Each structure stands twice: as structure tokens, then as C-alpha cells.
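As C-alpha cells, the structure follows; a few thoughts come after it.
The values are calculated or read from the model by the stated rules, or taken from the named source; none is laboratory data. The shown structure was predicted, so the numbers you read here are calculated from the model rather than taken from an experiment. Cβ placement follows ideal geometry from the backbone for every residue including glycine, while neighbour counts extend to all protein chains displayed.
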């Protein structure tokens, strides 16, 4: 336990770690501060929702009339007037047909796509029964605010946390080699068993850094962007949509389960933490085999870049399997908990991908650590 605590302290009080987090936070605040007319309107909708609520029903229309007359009120009234349920009579089969025809799919992949959207049709029917789309979210500013948080900000945040987790792990595993103390440490009574403490300390620090950077970034975001009573709106509000070139434009934002704005955010943060853990484990495997942390980080970048390129240049089942890798889960961040689009064969791809990745990477990490015990120190 004492060795683990010492390894943890080495990482927690590393100047490089603190500087990296500060630089990332400054960058994130800069991104958050860039807004436009849609975000001014979103602020108004959030404030108005405290009076009107988020359910688009008869009471909502009556409460709009109680709001102070303004251009924004007229905008909101226009947005919500005669709002219809987008899930009524919505058929998902056309999505499957568009993907199969557009990508020239056949055999197993075509059948898997058809099966996925047949299952999604059941979800759509349930959402139609519950009137999930008849909620406010941010009215016509929904797509822009949703994309800013769950697209731009969250993607940068997850990228930063993934790189940070990898750097922390490589720093932990390569500390002795960079300080020329490996011969001394590895020949003690504890010997190479110290690697287990280093591995655990690296993972905990990586997750801790994710928690700190995420908490600070979101705290700034929600101080600047008040969500009012919008938190209870369905994430599948009729105002939210997905741009899909295969389907010729926009289509409803359909999630496999029913999420509010709040529960969707919490679920996304949970998957983000696990993806961060995957990047840490990936770096652990590389750092165990390579003594030089700088070379190890370059290899880490090359491996992830290779996964991106591999999925872009191949076709068939191997491509869809590769898209479940951690780096592709990061790239698909904005589509989590939805059907995922043309790149995805299976429902709940983000959960499937992160669970499989964790199992494989954890197994390889243990294997690499065991094999490291048999290598020469020099």
C-alpha cells in the first residue's frame, strides 16, 4: 500500500500534469465563450421554461401568454405553435434502405442493418406513445446547443482526457527508466511487482484527472449557459435532429432508451470515463514494452491513427468491428445512445464497444505486466 501511495503522489504532484490540465481548461473556456444568436435565444428559452415548463401541451401555450412581450417570446411562440409528434407514423425502414443502397451492402452486414432498424422501429413506436418529442429542449436553438455541448465541447474534452490518461500512464511506467533508477528499484525485495502499483496509480490518476477537468469545464459551461427547467425535456425532443446525408437531410434524434437532457448527459459522462480508462490501459500496454515514454506516446498516437485509417480504407465486417475501438468511439461521440448511423451495425454500440475494449485491453495489460517480469532490466 505504501508503494502504491508513493507512486500516486509522484503523479498527482507532477508539474506537467497540473500545467496540462490548466492549458486544457483555458482552451475549453475559450470554446465555451464563443457563441452566437442561437445561444442568446437558448438563454431566453431556458429562462422562459421556468414559467412555461417543458411539456408542449395546452398549459404551455397558456403560460407563454404570461411572458413579457418581446421578440424572443414571439420567436418561442412561433417555434411551438402547432407542434406535432415527429414519431407519429415515422418509419425507420427507409434509413436501412438508404444505407444498404448507398454503401452497396449485402449478406450479413445488410441483414444486420435491417435488423437494427427493425428494432429501432419498436423504440420509435414507444416514443410516439409517450409523446417524447413534444418537449421543449431549446426550441429552434436545440440543434446548436446540443451540438455545442455533446459535439464540440465533449469531443475536445474526451480527447484531452484520453491524451492525459495516456501521458499519465507512460509517465508512471517510465519514471525509473528516465531517472536511471530502474536497476535499483527492480532489484529490491518488491522488484518488478512495483509495476502493479504503477499501473493502478496511473489508472486512478487518469480517471481523477478526467473527473477534475470535466467538472471544471462543465461548471464553467453551465454558469454561462443556464438550462433552467430544460433538464427534464426529452433528449429526443422534436426540435433535436441528426443530419444524415444518406437520408437526404435531417431525421429525428432517436435514442434506444428514454433519456432526459440530464440523464443523457450523465450517461454520456459515464461512457466518457470508461473510454478514458481504455486509453489509459492502451498506454499501459505500450509503456510496459517500451521503456522510453516519448517513443511510447508516439506509438500510442500511431496505433490510434492506424485504427482510424483502417476503418476508412476497408469494408465489410472488419470495418464495423474497428469502429467499436476507443478512438472511433471518441469520433462517434455525438451519436452515442442513438442508432449510430451508417458506421454502426449493432444497437448500443458505445456500450458494446467500451465493454469489449476494456476486457481486451485489461487482459493485454495483465499479460504485458507478467511478461515484463521475465525481461532483462538493461
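Here are some notes:
- Options 227, 221; residue that is assigned to a helix (DSSP H, G or I) and either more than 30 Å from residue 287 (Cβ to Cβ) or modelled with pLDDT under 85 (or both): 221
- Condition met for residue 205 (at pLDDT below 95, under 20 Å from the mean Cα position of the chain (by Cα), under 26 Å from residue 300 (Cβ atoms) and surrounded by 23 or more Cβ atoms within 10 Å (Cβ to Cβ)): yes
- Boolean, residue 287 is assigned to a helix (DSSP H, G or I), touching a helix residue (DSSP H, G or I) at 6+ places or on another chain (Cβ under 8 Å) and closer than 29 Å to residue 208 by Cβ: yes
- Where residue 112 falls short, out of the listed (1) closer than 21 Å to residue 141 by Cβ; (2) surrounded by 15 or more Cβ atoms within 10 Å (Cβ to Cβ); (3) at pLDDT 90 or above: (1)
- Scanning the range 73-99 for residues that are in contact (Cβ under 8 Å) with a residue 60 or more places away in the chain and either over 33 Å from the mean Cα position of the chain (by Cα) or assigned to a helix (DSSP H, G or I) (or both) gives 75, 76, 79, 94, 95, 98, 99.
Each row is one residue, and each column tells you yes or no for (1) under 11 Å from the mean Cα position of the chain (by Cα); (2) at pLDDT below 95; (3) in a helix (DSSP H, G or I).
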residue	(1), (2), (3)
147	no, yes, yes
151	yes, yes, yes
157	yes, no, yes
160	no, no, yes
163	no, no, yes
169	no, yes, yes
172	no, yes, yes
185	no, yes, yes
188	no, yes, no
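- Where a residue in the range 242-262 is without any contact (Cβ under 8 Å) to a residue 40 or more places away in the chain and its partner, wherever it lies, is part of a loop (DSSP other than H, G, I, E, B), with Cβ under 7 Å and at least six apart: 260/233; 260/235
- Just one of the listed residues (295, 271, 308, 321) is within 19 Å of the chain's Cα centre (by Cα), without any contact (Cβ under 8 Å) to a residue 12 or more places away in the chain and surrounded by fewer than 21 Cβ atoms within 10 Å (Cβ to Cβ), namely 321.
- Residue count, the range 37-72 (criterion: in a helix (DSSP H, G or I), free of Cβ contacts under 8 Å to residues at least 40 places away in the same chain and either in contact with a helix residue (DSSP H, G or I) (Cβ under 7 Å, 6 or more places away or on another chain) or under 16 Å from residue 238 (Cα atoms) (or both)): 5
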